[in-house]
């Protein structure tokens with residue numbers, strides 16, 4: 001048996017903070033899946049992102065707040081499951097807006113981006129579970145964190161049924 005490769009929560013948190021794009025997967029009331037990339041920031045152990053009020057994401061999240069989030073890389077995977085809630089500006093920590101403005105620049109103008117544009121809802125995803133692994137050492141590195149926590153536990157392969 002191969003030696004276990006430990007992925008630490010601080011390493012995963014660093015990936016969540018530094019990611020440029022987050023893939024958000026939602027489902028409609030009929031169960032139709034929808035996945036789209038968004039910009040976001042990891043602040044306070046939550047993912048913060050916005051989307052237009054009339055988008056499929058926003059409509060899906062209003063009806064079913066459960067969400068899956070995946071970072072861009074499958075070679076060094078980080079994927080989470082959780083619940084998204086719309087958070088008005090008054091309930092949002094100032095660090096969220098500051099982190100977003102520092103992280104993103106509008107491609108057409110070069111100006112700092114704002115997380116909330118034109119009243120678009122801002123969502124905070126609270127994770128219930130995060131998974132991570134290295135593609136080249138899949139079975140040895142599979143790790144799952146359950147929240148609240150995070151509490152790390154090695155994952156078996158094949159994974160335990162849900």
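Any read-out appearing in this document is the output of simple, stated calculations on the displayed coordinates, not a laboratory observation. Keep in mind that what you see is a predicted model, and the values were worked out from it rather than measured. Neighbour counts are summed over all protein chains in view; Cβ atoms, including those assigned to glycine, are modelled from backbone coordinates with ideal geometry.
Show me the three semi-axes of the equivalent ellipsoid for the chain, from the C-alpha gyration tensor (sqrt of 5 times each eigenvalue), largest first, rounded to whole Å.
Those come to 29, 18, 14 Å.
Under the 0.36 nm per residue contour assumption, what length would be gained going from the current alpha-carbon distance of residue 138 and residue 106 to full extension?
Length gained between residue 138 and residue 106: 7.9 nm.
Put a dot 7 Å past each Cα toward the Cβ at residue 11 and residue 116; how far apart are the dots in nm?
3.8
Taking a virtual spin label 7 Å from the Cα of residue 53 along the C-beta vector, which residues in region 106-131 bring their backbone nitrogen under 20 Å of it?
Hits in region 106-131 for residue 53 at 20 Å: 114-124.
With an 8 Å Cα cut-off and a minimum separation of 6 or more residues, compute the relative contact order for the chain in percent.
On the way: 299 pairs, mean separation 38.4, N = 162.
Result for the chain is 24 percent.
Provide the gained length on full extension for the span residue 23 to residue 4, in nm with one decimal, where the gain is 0.36 nm per separating residue minus the Cα-Cα distance.
4.0 nm
Which ordering of 34, 70 is given by a fewest-first count of other beta-carbon atoms within 10 Å?
34, 70
Return one number: the angle in degrees, 0 to 90 and rounded to the nearest 10, between the long axis of the Cα atoms of helix 9-18 and the longest principal axis of the Cα atoms of the chain.
Once rounded, the angle reads 30 degrees.
Using alpha carbons only, how many degrees (0 to 90, rounded to 10) separate the axis of helix 94-103 from the longest principal axis of the chain?
For 94-103 against the chain, the angle is about 80 degrees.
Divide by every residue of the chain the summed helix terms, -39500 (n - 2.57) for each DSSP H run of at least 4, and state the resulting mean residue ellipticity at 222 nm, rounded to the nearest 500 deg cm²/dmol.
Taken over the chain, the calculation gives -5500 deg cm²/dmol.
For 36, 142, which order do you get if you count the other beta carbons within 10 Å of each Cβ and list the fewest first?
Least to most surrounded, the residues fall as 36, 142.
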